[in-house]
Amino acid sequence: MANMSLKKNPMPVQEPNVRNHNFEEVALGYTYEQAVDEANRCLNCKHKPCVAGCPVAIDIPAFIAKIREEDMEGAYEILSQSSSLPAVCGRVCPQETQCESKCVRGIKGEPVAIGRLERFVADYHMAHNTAAPAVPVQNGHKVAVIGAGPSGLTCAGDLAKAGYEVAIFEALHLAGGVLVYGIPEFRLPKKIVQKEIDNLKAIGVSVDTNMVIGKVLSIDELFEMGYEAVYIGTGAGLPRFMNIPGENLKGVYSANEFLTRVNLMKAYQDSSNTPIQHAKSVAVVGGGNVAMDAARCAKRLGAENVYIVYRRSEAEMPARLEEVEHAKEEGIIFHVLTNPTEILGDENGFVHGMKCVQMELGEPDASGRRRPIVKENSEFVLDVDCVVMSIGTSPNPLIRNTTKGLDTNSHGCIITKDDSGLTSREGVYAGGDAVTGAATVILAMGAGKHAAKAIDEYIQSKA
Ligand SMILES: Cc1cc2nc3c(=O)[nH]c(=O)nc-3n(C[C@H](O)[C@H](O)[C@H](O)COP(=O)(O)OP(=O)(O)OC[C@H]3O[C@@H](n4cnc5c(N)ncnc54)[C@H](O)[C@@H]3O)c2cc1C
């Protein structure tokens, strides 16, 4: 029977004052009964508006119908036709601005909890299906993928399923990209990412870690080694700074460095050798998901005061609503309409404060958001001993500086001709953050999927 409740089934979560002292997952996932009950809220609309809101066009009403029928493996099959990382996307996709924003149930109440249902199905599959995936028949062609983030992993998976011998070359010692070095354990447990990587290896994909392409091997050398096409999924991992005085003081981190120390190098565990500052008061500058993740990590590391310092108002914050809400519940203090002008140091070169000014909003700028303007005589000092800069990233220049004929734009992003991901070099494709600049997991995955199809067509057309 249809469930006409105006509200989503709430997600069970760890209590804020418990979870802000541990790194375990915050959202605990639906039970079987909650998932079936939520699935009954879906009206199975004929015109499927939610599908148009999904960047990889998952047949959402069809997978939810399977949950209603309690055919969870059937639901997983439908999900996996379009998404190679449903357990990841169910946790981190901004559903509120994508599929759920188009849900008809959202007109008079809350939309169907599509993301939570996606997560439930993927987790159910992981817990109940232990069969090894079928190994595809090889077609004798070789493709190299640079970067083991969601974009590279998706491209590699689709090509391997089509019979290609695929080798992923990853700069870090662990595969997963931002999913392992950026997004914290409490939002995305690393065992889930590892499971997806193990599945890829089981179907024959080789993952070569500690391989910085552009240093150890060049793209030209990959072609000389017999790879017939190359996919670049190297992300946008180069942090930006504000260029204000004091950014080189001890206790100032880029969000990428801070999060890599905490997540990839497990600095929060006593057994880890990775140093991290256990500060008393931390300012995180920025208002995106990355800033929320850094602030929530700082709190869990034991900081008494953690401030988000953001130059526009909360309405303009790019972070997901859920992340902002979770951060506030955990005790993060928001200084909006505030901009740092200088980081202050003590006589030993350690941070001991941050000078800020207050802002007000003027006319919209090129991004369509109202431009922040400095308020006169509004300077004040925030008492902090650690600052984390989280104001954006861009692609690392290594690949573009070591690859002849690869066109990039003024932001350092690789230029592709169309959705196929084809670059200015024959046989070289690119996608994900390396092309778009910092974006989302689902868009990076979608680009990997399109490129896999185009690479297959390219190689088959030459065979
Ligand atoms: C802290 C944080 C939180 C985020 N939260 C969300 C969220 O909640 N929801 C969401 O949708 N998106 C989120 N994002 C954005 C999302 O993670 C990215 O858009 C996505 O990971 C991009 O995927 P990618 O495969 O293009 O690049 P990446 O994930 O960056 O992977 C690129 C990989 O390439 C490797 N590499 C780089 N250069 C080389 C080289 N020269 N040779 C070999 N390997 C190389 C890198 O080490 C890395 O492993 C977040 C990002 C961050 C940083």
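The values are calculated or read from the model by the stated rules, or taken from the named source; none is laboratory data. Quick caveat, the model's predicted, so the values are computed rather than measured. All Cβ positions, even for glycine, are placed from backbone atoms using ideal geometry, and neighbour counts span all protein chains on display. Only protein heavy atoms, including side chains, enter the accessible area calculation; ligands, DNA and RNA are left aside. Shrake-Rupley method; radii C 1.70, N 1.55, O 1.52, S 1.80 Å.
Would you confirm, using the coordinates I've provided, whether Glu100 is open to solvent by less than 30 Å² (accessible area, probe 1.4 Å), modelled with pLDDT of 95 or more and under 13 Å from Cys42 (Cα atoms)? Yes: the conditions hold for Glu100.
Entry remark, the stretch 360-406: residues being free of Cβ contacts under 8 Å to residues at least 40 places away in the same chain and more than 28 Å from Gly235 (Cβ to Cβ) number 14 in total. Considered as a group, the residues in the stretch 373-416 that are open to solvent by 60 Å² or more (accessible area, probe 1.4 Å) and not in a loop (DSSP other than H, G, I, E, B) include one that is modelled with the highest pLDDT, and that residue is Val381. Could you tell me whether Gly448 is within 30 Å of Ala57 (Cα to Cα), in contact with a strand residue (DSSP E or B) (Cβ under 8 Å, 6 or more places away or on another chain) and not in a strand (DSSP E or B)? It is true that Gly448 is within 30 Å of Ala57 (Cα to Cα), in contact with a strand residue (DSSP E or B) (Cβ under 8 Å, 6 or more places away or on another chain) and not in a strand (DSSP E or B).
Just one of the listed residues (Gly152, Gly163, Gly177, Gly157) is touching a Pro at 6+ places or on another chain (Cβ under 8 Å) and within 15 Å of the ligand (Cβ to nearest atom), and it is Gly177.
Considering only residues in the stretch 241-287 that are aliphatic (A, V, I, L, M) and farther than 25 Å from Lys190 by Cα, the one that is surrounded by the fewest Cβ atoms within 10 Å (Cβ to Cβ) turns out to be Ile244. Among the candidates Ala27, Ala65, the residue that is surrounded by 17 or more Cβ atoms within 10 Å (Cβ to Cβ), in contact with a strand residue (DSSP E or B) (Cβ under 7 Å, 6 or more places away or on another chain) and within 17 Å of Tyr124 (Cα to Cα) is uniquely Ala27.
One residue stands out in the stretch 416-463 among those that are away from the ligand (no atom under 16 Å from the Cβ) and among the charged types (D, E, K, R): the one that is nearest to Ile219 (Cα to Cα), namely Glu426. Screening Glu33 with (1) over 28 Å from the mean Cα position of the chain (by Cα); (2) at pLDDT below 95 gives one miss only, at (2). A single member of Ala122, Ala134 is over 25 Å from Ser218 (Cβ atoms), out of contact with any helix residue (DSSP H, G or I) (no Cβ under 7 Å at 6 or more places or on another chain) and either in a helix (DSSP H, G or I) or modelled with pLDDT under 95 (or both), and it is Ala134. Looking across the stretch 112-130 at every residue that is closer than 19 Å to Ala39 by Cα and open to solvent by 30 Å² or more (accessible area, probe 1.4 Å), the one that is nearest to the ligand (Cβ to nearest atom) is identified as Arg116.
The residue that is nearest to the ligand (Cβ to nearest atom), counting only those in the stretch 78-92 that are open to solvent by 20 Å² or more (accessible area, probe 1.4 Å) and at pLDDT 95 or above, is Arg91. Condition first: in contact (Cβ under 8 Å) with a residue 40 or more places away in the chain, more than 27 Å from Gly152 (Cα to Cα) and surrounded by fewer than 15 Cβ atoms within 10 Å (Cβ to Cβ). Can you find one or more residues in the stretch 37-57 that meet it? Yes, because at least one residue in the stretch 37-57 is in contact (Cβ under 8 Å) with a residue 40 or more places away in the chain, more than 27 Å from Gly152 (Cα to Cα) and surrounded by fewer than 15 Cβ atoms within 10 Å (Cβ to Cβ).
Glu196 meets each of the listed conditions (1) more than 12 Å from the ligand (Cβ to nearest atom); (2) more than 17 Å from the chain's Cα centre (by Cα) apart from (2). Per this entry, Val178 is counted among residues that are open to solvent by 30 Å² or more (accessible area, probe 1.4 Å), out of contact with any Leu (no Cβ under 8 Å at 6 or more places or on another chain) and β-branched (Val, Ile, Thr).
Here the condition is being crowded, with 16+ Cβ neighbours inside 10 Å, under 19 Å from Val18 (Cβ atoms) and touching a Pro at 6+ places or on another chain (Cβ under 9 Å); of Arg320, Arg296, it holds for Arg296 alone. Within the option set Val357, Val324, being without any contact (Cβ under 8 Å) to a residue 40 or more places away in the chain and in a helix (DSSP H, G or I) holds for one residue only, Val324.
All conditions but one from (1) more than 24 Å from Leu6 (Cα to Cα); (2) outside any helix (DSSP H, G or I); (3) of a type in the set (Gly, Ala, Ser); (4) open to solvent by 10 Å² or more (accessible area, probe 1.4 Å) apply to Ala148; the one that does not is (4).
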